[in-house]
Amino acid sequence: MSAPATTTPAIPLGQRLAARGLDGLTLLVLPAVLFLLALFIYPFLYGLFLSFTPKAGGALANYQRFFSDSFLYGTIATTLWLALPVTIATLLLAIPIAFRVRLMRHQRLLTTILVIPITLGTVLVAEGLLNYLGPQGWFNRTLMTLGIISSPVKLLHNYWGVMLSLVITGFPFTFLLTLSYLTGVDPALEQAGATLGAGPWDRFRHILLPLLLPGLAITFCLSFVQAFSVFPSAVLLGAPAGPTRVISIAAYQAAFEEYDYSMASAVAMIMGVVQLVIVVAVLGARGLLYRGPAGGGKG
Amino acid sequence: MSIHAANFRELRLDRLCRDFGTHNAVKDVSLTIRQGEFIALLGPSGCGKSTTLNLIAGLLPATGGGIWLDEKRIDPLRPEERGFGMVFQNYALFPHMTVRKNIGFGLKMRGVARAESDRRVAEAVAMVRLQGQEEKLPGQLSGGQQQRVAIARAIAVQPPLVLMDEPLSNLDAKLRLEMRAEIRRIHNTLGATTIYVTHDQEEALSLADRIVVMRDGQIRQVGGPEDLFSRPDHLDVAEFMGFRNKVSGRVASVADGLATVTVGGLGLVGRVRTPVRPGEAAHVSIRPEDLHPVRDGDPGLPAKVVSTEFHGREFVGFARMADDTPLTFLADSRIPHGTDIRLAAQPDSVLVFGEGA
Amino acid sequence: MVKDTRLSTRLWAAANWALIGFFVLNLFAMIATVVTSSFATRWLGTWFPAGWTTRWYSAAWSEFQLSDVLTVTFQIVFLVVFLSGLIGVPAAYALARRDFPGKKLIMLLFLLPLLVPPITFGIPLATVLYRTGLAGSMSGVVLANLVPTVPFVILVMIPFIEQIDTKIEAAARVFGAGTFKLFVHILLPLLMPGILAALLLVLVRTIAMFELTFLTAGPTSQTLVVALYYAVFAAGVRAVQSIDAMAVIYMVTTLVWLVIALRFVNPTQIVARAKR
């Protein structure tokens, strides 16, 4: 060692880094990091940059155009008007079902069935609903045979078709997430509540719901983000030129029909920002809730 | 102290059963518990003691028999209608509520007025000595403090019956001793009736007025701690109470409550615990601390020493008989491995059980 | 989970079951419509088709060049599965075993692609890929699909690796295993169930991934789901039954893998793991 005798012997750099958790093993994370920097962060920054270099006009021209053309800025309201009700509907559907499934001993078959729509994907569900909900489809036929309606309900190529397909494709994820949060609540807490005199409703209101709310907030965000980026079902089941012209359609058209990548990037950025605003608002509200572990004691 | 237990005369379990499929977790358990008693349900894991407690609490529906509180049949009632207090094994404190809210939860559910509730919570807090911690969340408390909150929560509602499910099993040895004393003190102060589930015979012996030993879903023996300790009625119970040496032999004679059992050519005299007849096979149980080496020539069980351990005050020896039966005994000094010795005990400390026991 | 037998509770349970039943019934009816239609000779304005046939399958097969599409689909899917395992598992291992400055930031980097929906990051990504000439080719599609799958593998694997006792690795090292031997003899067998589960899920996700493939695929790099989209989009050009036959083929491909995947993992755990 060349270090003077008055100071402590220098520890080799490698060893010092290792002490902070940086050694050969840590480097294994590098390929994944580089990959995402190149294909996620870079395109994002590139898109951001691109959105400020429009085909014509000043740096903000794309954004000015978006917010002055009701055909464009209207897509935000259209998308929100779809995504928010869909998210709430899937949550309202998923919560009671998750509660029911939790009480079952053999959950596997039912959860598998409920998960199917995830794997089918949005395109197949759209195709299936085109058949099923059509004026001659089984759904309308059944309702007419039962005498509930006299003429077919129009559920396709409008708001409702998109809404229904989003609920179907969004439900499994919302359900699984809710169920996993629910199974994270220690059953002994409910038992403790019962021995202290709380009936089913009180147990739900005072014990389960407060412990579940932070998880439900996350579930809400993730489901919302999925519904917000609706694309295939809005095109196939909705009225893509009118009531279900959602923001992703606008972005797609800018990119692949007008070949204006700059404008497309601007729309994508706006889309990201709107999502972010909602997510941040919900997570901010979540910050006010209890967020510790949902166990009843140690361990 | 104005927290006191609600009054009743006795809690009666009448041939209580609980099946899980074909498995009988609890079978024909009958027991009468009087007001003010501290009862320990003692047994190894899987013996049905926790199931019995859950049946009393109403957390599990019984599949047979009934539970009576004086003249009132309570087994059809839901847990929230029984009004008992329960301390859970992992405490089951509501993690999102402060200590105060946890303790006040039962009062709130009963619709107790705010002022009255505040007063009773304060008393319960004082009872478990947690003053100053009221606004903390359970996650900010130590294990022992969480345990105290769990107890306070159970007693704040002034339940006629306090049920405790292995409440000390999550604490370290020192805290366990401390909380044991606390639980007994609280029981005495409240005049409550407590049913306490444990697998630790020391805990049961030191806490309980009466101990109920369970095995395979059934009650094996009920009795006071001293009673069970010196006069177990069952081979299992004897083993649980520290009679670790178990030797098999044949009964030679029976007289005046004493039996002579021939083991390895030696006649071993002991107190008869379950009926035996001459000529029948029998088991003999002896505590290690009652079994000592004898001088050469005196009668005793022949065995070969395997090892000796120094335990501070005495030496504990391990030996094997010719048929490989292990024996544990006390010795005054270290005995070399392989030494042939003879071991004997006073007839008073030897228990004889019939083959079927 | 307290058992309860009062009337209101029972009514509530019945309502829940009705809800589950309604959902499952409609889901199955929807799937059944597609399957029925794919075997129908003519199906217009009646409950059931006029007759049954399998000819739509051969029609769909040749019309949509399904043999090509399926080959491309599986080439892409298996490449994505392999590469996301290759990149993701080591990264997950490092993140599970080491604590280093900036780890939180890196975790955020891996979380973002799962939180931002594909169409949002897909458009800038596709733009970049078109600029570099990668889009339209198979490698472009694979690269785009890897963006969400690599983080997915990492996030699923981290808790799985964390639950493996580090003492096992320490023991192997003490007994003389070098890094490579440690990996082959100790880690790989221990991690295999987790890797298998994660990769099967990646496989299912990638088959069903529409947006990213749609945005980056060219005519020769379409996967089944994109081909299906174009077929449905251009409905009227071809017989409905032929499109439905293709949909059934697609459905079978995903469901088979889903069933296999679920043999190895409990669906709730997947989400529990993925939720951070």
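With respect to B:Glu166, determine if the residue is farther than 19 Å from B:Phe243 by Cβ and either touching a strand residue (DSSP E or B) at 6+ places or on another chain (Cβ under 8 Å) or polar (S, T, N, Q) (or both). Considered against the rule, which asks whether it is farther than 19 Å from B:Phe243 by Cβ and either touching a strand residue (DSSP E or B) at 6+ places or on another chain (Cβ under 8 Å) or polar (S, T, N, Q) (or both), B:Glu166 comes out as yes. When B:Ser169 is tested against the conditions (1) in a helix (DSSP H, G or I); (2) of a type in the set (Gly, Ala, Ser); (3) within 11 Å of another protein chain (Cβ to nearest Cβ), the lone failure is (1).
Among the residues in segment C:112-121, are any more than 8 Å from chain A (Cβ to nearest Cβ), on the phi < 0 side of the Ramachandran plot, among the polar types (S, T, N, Q) and out of contact with any His (no Cβ under 6 Å at 6 or more places or on another chain)? No, segment C:112-121 contains no residue that is more than 8 Å from chain A (Cβ to nearest Cβ), on the phi < 0 side of the Ramachandran plot, among the polar types (S, T, N, Q) and out of contact with any His (no Cβ under 6 Å at 6 or more places or on another chain). Residues in segment C:6-45 that are more than 8 Å from every other protein chain (Cβ to nearest Cβ) and among the β-branched types (Val, Ile, Thr): 3 in all.
Taking segment A:195-248 as the range and being hydrophobic (A, V, I, L, M, F, W, C), surrounded by 23 or more Cβ atoms within 10 Å (Cβ to Cβ) and closer than 21 Å to B:Met86 by Cβ as the test, the residues that pass are A:Leu196, A:Ala198, A:Ile207, A:Leu211. Every condition in (1) surrounded by fewer than 17 Cβ atoms within 10 Å (Cβ to Cβ); (2) over 30 Å from B:Phe8 (Cβ atoms); (3) at pLDDT 90 or above is met by B:Ile286 except one, and the failing one is (1). The residues listed here are A:Leu196, A:Leu222, A:Leu276; of these, the one that is farther than 26 Å from A:Thr178 by Cα and free of Cβ contacts under 8 Å to residues at least 60 places away in the same chain is A:Leu196. Considering segment B:165-216, and only residues there that are of a type in the set (Gly, Ala, Ser) and crowded, with 23+ Cβ neighbours inside 10 Å, the residue that is modelled with the lowest pLDDT turns out to be B:Ala192. For A:Asn140, the conditions (1) farther than 25 Å from A:Val246 by Cβ; (2) buried (at least 19 other Cβ atoms within 10 Å of the Cβ); (3) at the interface with chain C (Cβ under 7 Å from one of its Cβ atoms) all hold with the exception of (3). When each of A:Phe35, A:Phe66, A:Phe49 is tested for being over 28 Å from A:Leu179 (Cβ atoms), exposed (fewer than 15 other Cβ atoms within 10 Å of the Cβ) and not small (Gly, Ala, Ser), the lone residue that passes is A:Phe49. Taken over segment B:13-35, the residue count meeting the criterion of being assigned to a loop (DSSP other than H, G, I, E, B) and surrounded by fewer than 16 Cβ atoms within 10 Å (Cβ to Cβ) is 2. Being more than 9 Å from chain C (Cβ to nearest Cβ), farther than 30 Å from B:Met164 by Cβ and not in a helix (DSSP H, G or I) is a property that does not hold for A:Pro214. Looking across segment C:5-28 at every residue that is surrounded by 12 or more Cβ atoms within 10 Å (Cβ to Cβ) and of a type in the set (S, T, N, Q), the one that is nearest to A:Ile116 (Cα to Cα) is identified as C:Asn26. For segment B:225-246, a residue qualifies if it is in a loop (DSSP other than H, G, I, E, B) and more than 11 Å from the chain's Cα centre (by Cα), and the qualifying residues are B:Arg231, B:Pro232, B:Asp233, B:His234, B:Gly242, B:Phe243, B:Arg244.
Residues that are more than 9 Å from every other protein chain (Cβ to nearest Cβ) number at least 3 in the following helices (runs of 4 or more DSSP H) confined to segment A:24-80: A:61-68.
Mind listing whichever residues of segment A:217-226 are at the interface with another protein chain (Cβ under 9 Å from one of its Cβ atoms) and farther than 13 Å from A:Ala285 by Cβ? A:Thr219, A:Leu222, A:Val225, A:Gln226 - these are the residues of segment A:217-226 that are at the interface with another protein chain (Cβ under 9 Å from one of its Cβ atoms) and farther than 13 Å from A:Ala285 by Cβ.
Counting only residues that are closer than 16 Å to B:Leu235 by Cα, more than 28 Å from the chain's Cα centre (by Cα) and touching a residue at least 60 places away in the same chain (Cβ under 8 Å), give me the strands (runs of 3 or more DSSP E) lying completely in segment B:247-357 with at least 1 of them. I'd like the intermediate steps shown before the answer.
Values: elements: B:258-263, B:266-272, B:281-286, B:301-310, B:315-320, B:326-331, B:340-344, B:350-354.
Strands (runs of 3 or more DSSP E) meeting the threshold: B:258-263, B:281-286.
Note on segment C:119-139: residues that are surrounded by 24 or more Cβ atoms within 10 Å (Cβ to Cβ) and either in contact with a Leu (Cβ under 7 Å, 6 or more places away or on another chain) or in contact (Cβ under 8 Å) with a residue 40 or more places away in the chain (or both) amount to 5. Take the residues in segment A:250-267 that are farther than 15 Å from A:Ala56 by Cα and free of Cβ contacts under 8 Å to residues at least 24 places away in the same chain; name whichever of them is farthest from the other protein chains (Cβ to nearest Cβ). Going through the qualifying residues, I end up with A:Glu257. Please find, within segment C:79-111, the residue that is surrounded by the fewest Cβ atoms within 10 Å (Cβ to Cβ) out of those that are assigned to a loop (DSSP other than H, G, I, E, B) and charged (D, E, K, R). This residue is C:Asp99. Here A:Val86 clears all of (1) within 12 Å of chain C (Cβ to nearest Cβ); (2) within 23 Å of the chain's Cα centre (by Cα); (3) in contact (Cβ under 8 Å) with a residue 12 or more places away in the chain except the condition numbered (1). Evaluating B:Ala322 against the criteria (1) in contact with a helix residue (DSSP H, G or I) (Cβ under 6 Å, 6 or more places away or on another chain); (2) farther than 21 Å from B:Gly270 by Cα leaves one unmet condition, (1).
Out of segment B:82-103, which residues are charged (D, E, K, R) and over 28 Å from B:Pro61 (Cβ atoms)?
Scanning segment B:82-103 gives B:Arg100, B:Lys101.
One line per residue, one yes/no per condition, for (1) of a type in the set (S, T, N, Q); (2) crowded, with 18+ Cβ neighbours inside 10 Å:
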| residue | (1), (2) |
| --- | --- |
| A:Leu92 | no, no |
| A:Ile95 | no, yes |
| A:Leu103 | no, no |
| A:Thr122 | yes, yes |
| A:Tyr132 | no, yes |
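Report whether or not A:Gln136 is touching a Gly at 6+ places or on another chain (Cβ under 6 Å) and modelled with pLDDT under 85. In short, yes. For segment C:70-110, filtered to residues that are in contact (Cβ under 8 Å) with a residue 12 or more places away in the chain and among the small types (Gly, Ala, Ser), the residue that is nearest to the other protein chains (Cβ to nearest Cβ) is C:Ala91. Residues considered: A:Thr119, A:Thr142, A:Thr111. Of these, the only one that is among the hydroxyl-bearing types (Ser, Thr, Tyr), part of a helix (DSSP H, G or I), free of Cβ contacts under 8 Å to residues at least 12 places away in the same chain and under 24 Å from A:Leu176 (Cα atoms) is A:Thr119.
The values are calculated or read from the model by the stated rules, or taken from the named source; none is laboratory data. Keep in mind the model is a prediction, meaning the values are calculated, not measured. All Cβ positions, even for glycine, are placed from backbone atoms using ideal geometry, and neighbour counts span all protein chains on display.
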